[in-house]
Structure formats: structure tokens, C-alpha cells
Amino acid sequence: MKKLLTLAFLLGLIAAQSAQAHAILVKSTPAKEETLKEIPSRIDLWFDDNVGPKYTALAVVNSDGQRVDNGDGDLEMMDKSHLFATLKELTPGRYGVRYRVQSADGHIVTGKFFFTVAP
């Protein structure tokens, strides 16, 4: 009986931890620290789980801190783990990507990374 209770307790802990998991950025195009030879027309981010639209934000800025995305960041209609935005005409240089999403557990997740457009 004691072993059964211990097993039930451990399974409960595992279930609680997975239910509390925050969304994690698993892939992006362009990728973190990637150097591109071609100018991208959009930025795409994929998370390990669906994210909510309520607090979603995506911004791409140049080295002067000016936004170079079109302010149209949104979740893909058929894949709520995919966030994207279109970009203005980029010039060679380093760009920063900042994002904010709401995980399925309700927590806000933020992050940033950089990519470079080669001359």
C-alpha cells in the first residue's frame, strides 16, 4: 500500500510539472545568430506548445533600435504554436528579435535573439 501511495504521489508531481510548463521557443527563421545572404521578408517563430493570442507581441529592430517589422505579428490560424510577422525591406546589418507570448499555463514568456543580413 505504501508503494502504491508513493507511486501515485510521484505521478501527481510529474503531471503537475508538465501542466506548469512554459512555452519554449524551439525554432525560428531566421535562426538565432544566423547570418543570411538573402534578405528575409518575414520572421517565423515556433514554440513547443500552443500560445495564447492575448499578450502576443513580436518586434524586429535594427541596430539603431528602429522597428523594421510591419507591426503585423500574429499567430498562424491553423498552428497556434507558430508566431510570424512580415518585414520591411532590410539592409545589411544586425537585427534583434523580441517576442512575448502567453503559455498554456497562463505565464508570460519573453525572449530575444539576433540575426545578421550579410552585405
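Here are a few things to note about the model shown:
- Check on residue 6, at pLDDT below 95 and either surrounded by 15 or more Cβ atoms within 10 Å (Cβ to Cβ) or not in a loop (DSSP other than H, G, I, E, B) (or both): yes
- Every residue from the range 35-79 that is among the hydrophobic types (A, V, I, L, M, F, W, C) and farther than 19 Å from residue 91 by Cβ: 45, 46, 47, 51, 57, 58, 75, 77, 78
- Every test in (1) surrounded by 12 or more Cβ atoms within 10 Å (Cβ to Cβ); (2) modelled with pLDDT of 95 or more; (3) in a strand (DSSP E or B) is passed by residue 26 save one, and that test is (1).
- The selection criterion, being buried (at least 17 other Cβ atoms within 10 Å of the Cβ) and either in contact with a strand residue (DSSP E or B) (Cβ under 9 Å, 6 or more places away or on another chain) or within 24 Å of residue 23 (Cβ to Cβ) (or both), holds for residue 99.
- Looking across the range 63-95 at every residue that is among the small types (Gly, Ala, Ser) and touching a Leu at 6+ places or on another chain (Cβ under 7 Å), the one that is surrounded by the fewest Cβ atoms within 10 Å (Cβ to Cβ) is identified as 73.
The values are calculated or read from the model by the stated rules, or taken from the named source; none is laboratory data. Keep in mind that what you see is a predicted model, and the values were worked out from it rather than measured. Reconstructed Cβ throughout: ideal geometry from the backbone, glycine too, with neighbour counts over all protein chains shown.
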